[in-house]
Amino acid sequence: MRLLAKIIVTGRQIFYGGWMKPFLHCLAAVFIGLFCSLSVTGAGKNLTIAVIPKGTSHEFWKSIHAGAVKAKLELEEQGYKINLIWKGPLREDDRDQQIAVVENFVARRVDGIVLAPLDSRALVAPVETAQSVKIPVVIIDSGLKSDRYSSYIATDNYHGGQLGAEHLANMLNGNGKVILVRYQVGSASTEEREAGFMNVMTNKFPSIQIISQNQYAGPTRDSAYKAVQDLLNRYGKEVNGIFAPCEPVTIGIMMALRDMGKAGGIVKLVGFDAGTQSVEGLAKGDVQGLVVQNPMKMGYLGVKAIVDISQKKPVEKKVDTGVQVVTKENMDQPEKRDLLYPPLDKYLK
């Protein structure tokens, strides 16, 4: 207000002094400056955000996609214009393709990237390149062997593995023989779950014997099915429980147990994540527990964080999105149902 009053007073002085033309030039400059300021502010609300999952086929990633779309819709109600691009490799072991996707979005100079790195080391360089050219990167789901990112939004995966071990061991009354089926090398999220599982089993339940812990299932339910068939052919007569660190491995194990006549709780299965098939297995009694994350929340908060960064708002360096064990006995509780049955159809039309 003081500035406006000063402009008016100055204008009167110039006008009455006979300097009308210079005054108009001055006034035009003031309004051009104001217009440019408003234009910059408006441009800050037009954002292109790339969301890059590890893969695109499993329901876990569709839940992350749904969360990202939910954030986009809410932000558009607040006056933002969000161009949300969802793109990732088809298979969760295609490091080169995911690296190429990140590099492509860096070259396009998008306003921000939300990334679930499928390899904690291989994705370091492209992420650091993005950050170096002022493109903020928010890491979700799985960690990176670097701290050069804007925020990390994920489950406490180590704790999730601990919860899975506790649940399986309690069902076995602290005795028996179990198998840990690993996912794949370089996947930070599943490696942390596996480490948490091993920590609890070896330190808290000495009467439980881990008869296999070095078998990798690979990126699909088919590769997991084949790997577990081999394990069951070898250990099927003695194994009492199996832990799976992610959705495709859970489903592959369940299929193999059914084919070997070991489902229905004969061999206890504790898995990770809430896909349609694994949840159906839980309801039927072929899965005895699921360690469940909140992938919609990851996608949602990831997009929100990019927008906050664009508006120069502070964001937390690390955000824990929570994890819990769901069983057949508690799966109908409202808070559990929200995690088991995310509203994908509402957001992925």
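The values are calculated or read from the model by the stated rules, or taken from the named source; none is laboratory data. For clarity, every value in this text was computed on a predicted model and none was experimentally measured. Note that each Cβ is placed from the backbone with ideal geometry, even for glycine, and that neighbours are counted across all protein chains shown.
List of remarks:
- Here Met255 clears all of (1) crowded, with 22+ Cβ neighbours inside 10 Å; (2) hydrophobic (A, V, I, L, M, F, W, C); (3) within 21 Å of Lys328 (Cβ to Cβ) except the condition numbered (1).
Rundown of residues vs (1) of a type in the set (Lys, Arg); (2) surrounded by fewer than 24 Cβ atoms within 10 Å (Cβ to Cβ), yes/no style:
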| position | (1), (2) |
| --- | --- |
| Ala122 | no, yes |
| Glu128 | no, yes |
| Ile135 | no, yes |
| Lys145 | yes, yes |
| Arg148 | yes, yes |
| Asp156 | no, yes |
| Gln162 | no, yes |
| Leu168 | no, no |
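- Positions within region 262-278 being touching a residue at least 24 places away in the same chain (Cβ under 8 Å) and assigned to a loop (DSSP other than H, G, I, E, B), in sequence order: Lys262, Val267, Asp273, Ala274, Gly275
- Hits in region 44-103 (condition: free of Cβ contacts under 8 Å to residues at least 60 places away in the same chain, crowded, with 22+ Cβ neighbours inside 10 Å and within 23 Å of Ser278 (Cβ to Cβ)): Gly88, Pro89
- Residues (over 29 Å from Gly281 (Cβ atoms), part of a helix (DSSP H, G or I) and out of contact with any Ser or Thr (no Cβ under 6 Å at 6 or more places or on another chain)) located in region 303-344: Val303, Lys304, Ile306, Val307, Asp308, Ser310
- Residue count, region 235-261 (criterion: within 17 Å of Phe197 (Cβ to Cβ) and outside any helix (DSSP H, G or I)): 8
- Residue within region 285-292 that is among the aliphatic types (A, V, I, L, M) and assigned to a loop (DSSP other than H, G, I, E, B) present: yes
- Test: residue in region 327-338 that is at pLDDT 95 or above, among the β-branched types (Val, Ile, Thr) and crowded, with 19+ Cβ neighbours inside 10 Å: no
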